[in-house]
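K.L.:
Pasting in a structure now, in structure tokens, and then I'll have a few things to ask.
The values are calculated or read from the model by the stated rules, or taken from the named source; none is laboratory data. Everything quoted here is computed from the prediction, not taken from an experiment. Here the Cβ positions follow ideal geometry from the backbone for every residue, glycine too, while neighbour counts run over all protein chains shown.
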Amino acid sequence: MTSPTVRRRRRRRVLALATAGLALCIGVSVTSLAAWQQNVTIATGADGIGSSLLKLEISLDGNHWSTATVNSNGSLSFTGNAALLTPGDTVYAGLLIRAAKGSRGADVTLKGGAVSDALVDVLTYGAKSGVAWGNCTGTAWPSVGDTIVGLGSALTPGPGGTAFRVPAATDGAAGSPVGVCLAISLPLGVPNIVGGLTTTPAWQFDATSV
């Protein structure tokens, strides 16, 4: 008999969100995404053991959706003059996550960055879920969404933020999308030595089917 612990382990899969080409001349330019997701096997109690699909989709522009696969990629668009960050600046970028047609829902946790160098060590970030597309801005940030990673958190590997729910697909359609807003800050008082450096921060979404 399969234990509950083993069942949970089987249905847990990782959705990796990585940024590439995040160039900072004390400034941010474009980031790109890579993500993957797989089918999962789920124990169903009295109904026995069956195969169920956990398949997530991502939108980077609020309109177009792509399945999260190992080869997924795209560009996040940051607000403001992201290519010319100066100390004290914060830039924002949003994305949408939903369960694909026929997929189960998921509890998703965002973990900290996976890259460490002189520049990423001084950057900070925050993240919120439940942010409507178009509201991922500095003006809206204080009053929208639910905090999953507190603003000012180190952009380095961490234990993860507060989990948020991505609803399951219903009635032959994809599930309702959940907006995630990321904020990257270059704090005041950073040393001049970081000027002109570049870095490639990365995040990881852990998705567990529900």
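K.L.:
When only residues in region 123-147 that are under 13 Å from the mean Cα position of the chain (by Cα) and at pLDDT below 95 count, which is surrounded by the fewest Cβ atoms within 10 Å (Cβ to Cβ)?
P.N.:
The selected residue is Gly126.
K.L.:
Working only within region 148-175, note down all residues that are small (Gly, Ala, Ser), under 16 Å from Ser59 (Cβ atoms) and surrounded by 14 or more Cβ atoms within 10 Å (Cβ to Cβ).
P.N.:
Scanning region 148-175 gives Ala169, Ala174, Gly175.
K.L.:
Here is a further query. From the residues in region 122-172 that are charged (D, E, K, R) and out of contact with any Ser or Thr (no Cβ under 6 Å at 6 or more places or on another chain), which one is nearest to Ala93 (Cα to Cα)?
P.N.:
Arg165
K.L.:
Ok, one more. Scanning region 84-143 for residues that are in a loop (DSSP other than H, G, I, E, B) and without any contact (Cβ under 8 Å) to a residue 24 or more places away in the chain, which turns out nearest to Glu57 (Cα to Cα)?
P.N.:
Per the criteria, the residue is Ala140.
K.L.:
In the list Gly150, Gly189, which residue meets the criterion of being outside any loop (DSSP other than H, G, I, E, B) and more than 25 Å from Ala99 (Cβ to Cβ)? I'd like the intermediate steps shown before the answer.
P.N.:
Numbers: Gly189 fails: outside any loop (DSSP other than H, G, I, E, B).
Every option except Gly150 fails the conditions.
K.L.:
For region 192-210, how many residues meet the condition of being over 29 Å from Ile58 (Cβ atoms) and either modelled with pLDDT of 80 or more or part of a strand (DSSP E or B) (or both)? Quick ask: steps written out before the conclusion?
P.N.:
Quick first cut of region 192-210, residues over 29 Å from Ile58 (Cβ atoms) only: 192-196.
Applying the additional criterion that residues be either modelled with pLDDT of 80 or more or part of a strand (DSSP E or B) (or both) yields none.
Selection size over region 192-210: 0.
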